[in-house]
């Protein structure tokens, strides 16, 4: 992997990690067309740069993260379902991560759902809640566990989960960002530990690539988060639905055409 390829992947990570479009699907397509998907360092890189994306949430909502212990207890409660199911279903999830058909179908079905989300939860914008209770947080956590299926999108699952609990779009999206911090941090640390030998054997240039990747992912994710709330409030989810459908169909066409795609991360 070269510097240009690293920057491209970091931009994709920053743009897609917190949007309801599935960063996994985008990483697969980008790394495949750059012919680096099967490289071990690429797999390490796509995991490591999530630290930059995580940090962007903390910076954007700095005051929230240092406001009260109640905030953290709600995040912990919301994290419980994914934490438990992640441990129990690890082997099954690992098998799904090897199946790109699952990603393509998940993108397509998720896109169709997003076309109707605004209509289903239209009343939330005028009658919705702006405070997340412990019960609501736990239920959102259950929705988040669905995102262990590649291509579902953690962001999409948690936001929709929040909407089913009568949260406004803004509140649901922000809680999705908050919940990403412990969830992504735990998953990233686990993956990095599993790949610790490869990390320790990385060359100086590869360490520089990792640093640049995290910096780019941080900057792009920061801008994406700041823009997403405003866009979501004005336009809703429909455009993301169409985008997912197009991407899912594109992946299916590539697969049917016999193009070999390799999973990353």
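Bear in mind that the values in this text are calculations on the coordinates, not laboratory data. Here the structure is a predicted model, which means the values were calculated and not measured. All Cβ positions, even for glycine, are placed from backbone atoms using ideal geometry, and neighbour counts span all protein chains on display.
So here's what we get for this one:
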read-out	value
Proxy reagent accessibility, fewest Cβ within 10 Å first, across 256, 152	256, 152
Three semi-axes of the equivalent ellipsoid, segment 66-148, Cα gyration tensor, whole Å, largest first	27, 22, 8
Order of 235, 26 under a 10 Å beta carbon neighbour criterion, fewest first	235, 26
For segment 1-132: rounded, prolate or oblate by the Cα gyration tensor [a/c cutoff 1.5]	prolate
For segment 202-254: rounded, prolate or oblate by the Cα gyration tensor [a/c cutoff 1.5]	oblate
Global geometry of segment 84-236, whether rounded, prolate or oblate, following the gyration tensor of its Cα atoms and the 1.5 cut on a/c	prolate
Burial ranking of peptide ranges 240-253, 104-117 (average Cβ count within 10 Å, highest at the top)	104-117, 240-253
Highest average packing first - 181-190, 155-164, Cβ atoms within 10 Å	155-164, 181-190
Sorted by Cβ density within 10 Å, fewest first, the residues 175, 65	65, 175
Hydrodynamic radius (Kirkwood) for the chain, which is based on Cα pairs only, to one decimal in Å	18.6 Å
Distance from segment 15-79 to segment 149-213 (C-alpha centre basis), Å	3 Å
0 to 90° range, to nearest 10: angle between helix 204-235 axis and the chain longest Cα axis	30 degrees
With Cα atoms, 0 to 90° folded angle of helix 3-16 axis to the chain main axis	20 degrees
Nearest 10 degrees, 0 to 90: helix 169-194 Cα axis against the chain principal axis	30 degrees
Nearest-0.05 FRET efficiency for residue 250 and residue 229, computed from C-beta distance (R0 30 Å)	0.60
